[in-house]
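Below is one structure, written out as structure tokens, with a few remarks after it.
Where a number appears in this text, it was derived from the coordinates with a stated rule and is not lab data. On a predicted model such as this, the values are computed, not experimentally measured, just so you know. Every residue, glycine among them, receives a Cβ derived from its backbone with ideal geometry; neighbour counts consider all protein chains shown.
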């Protein structure tokens, strides 16, 4: 069991999120690592997104996304507006604070990635990323 894919990926994910949350606190960024995917999905889009689009992209349930979006809105990182064409939909965009936080987070992610990957050769990095891509493809079938 300790050598199962699920266990190993779970351990790595837990460590990465714990380190990232500690670094976010240290940097004074009031966001949890678990909320980062929502911010980053909105950041990399060129247009406002609905909460359903965010949920679909992240493969998460809409209710969970709605709760996180509301929290990020309350904290001043996301702006929520009603869709002019369909009042049942909310359009989500970043506020200037949200954009600033995303830019800082990108720098943190790159630095963390570099700290971990410096222990691998270029060939090992490519092989490792290739394995992860293959696992994702096979698991997603």
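Taking 0.36 nm per residue of separation and subtracting the Cα-Cα distance, what length does fully extending residue 60 through residue 79 add?
Result for the pair: 4.8 nm of gain on full extension.
Compute the long axis of helix 122-139 from its Cα atoms, compare it with the longest principal axis of the Cα atoms of the chain, and write down the angle in degrees, 0 to 90, nearest 10.
60
Which shape class applies to the chain: rounded if a/c is under 1.5, otherwise prolate when a/b exceeds b/c and oblate if not, where a ≥ b ≥ c are the square roots of the Cα gyration tensor eigenvalues?
Cα axes put the chain in the prolate bin.
Please work out, to two decimal places, the log10 of the ratio I(q)/I(0) at q = 0.18, 0.25 Å⁻¹ from a Debye calculation in which every Cα of the stretch 98-141 carries one identical scatterer.
Values, matching the q order: -0.71, -0.83.
Specify the residue with the greatest mean-square fluctuation among 126, 99, 87, computed from a Gaussian network of the chain linking alpha-carbon atoms under 10 Å apart.
Largest GNM mean-square fluctuation: 126.
Any chance you could give the angle, 0 to 90 degrees and rounded to 10, that helix 5-26 forms with the longest Cα principal axis of the chain?
The angle comes out at about 60 degrees.
Test of understanding: in a Gaussian network model of the chain with alpha carbons linked when under 10 Å, which of 71, 127, 13 would top the mean-square fluctuation ranking?
127
What relative contact order, as a whole-number percentage, does the stretch 33-139 give when Cα pairs under 8 Å and 6 or more residues apart are counted?
Numbers: 86 pairs, mean separation 24.6, N = 107.
The value is 23 percent.
For the chain, what does -39500 (n - 2.57) per DSSP helix run (n ≥ 4), summed and divided by total residues, give at 222 nm, in deg cm²/dmol to the nearest 500?
Mean residue ellipticity at 222 nm (helix-derived): -21500 deg cm²/dmol.
What is the angle, in °, between the Cα long axis of helix 62-74 and the longest principal axis of the Cα atoms in the chain? Nearest 10 is fine, range 0 to 90.
70
What order, most packed first, do the peptides 20-26, 58-64 have when packing is the mean number of other Cβ atoms within 10 Å of each residue?
Taking the mean over residues of other Cβ atoms within 10 Å, the ranking is 20-26, 58-64.
Quick check: the distance between the Cα centres of the stretch 1-74 and the stretch 101-119, to the nearest angstrom?
First find each Cα centre; the distance between them is then 16 Å.
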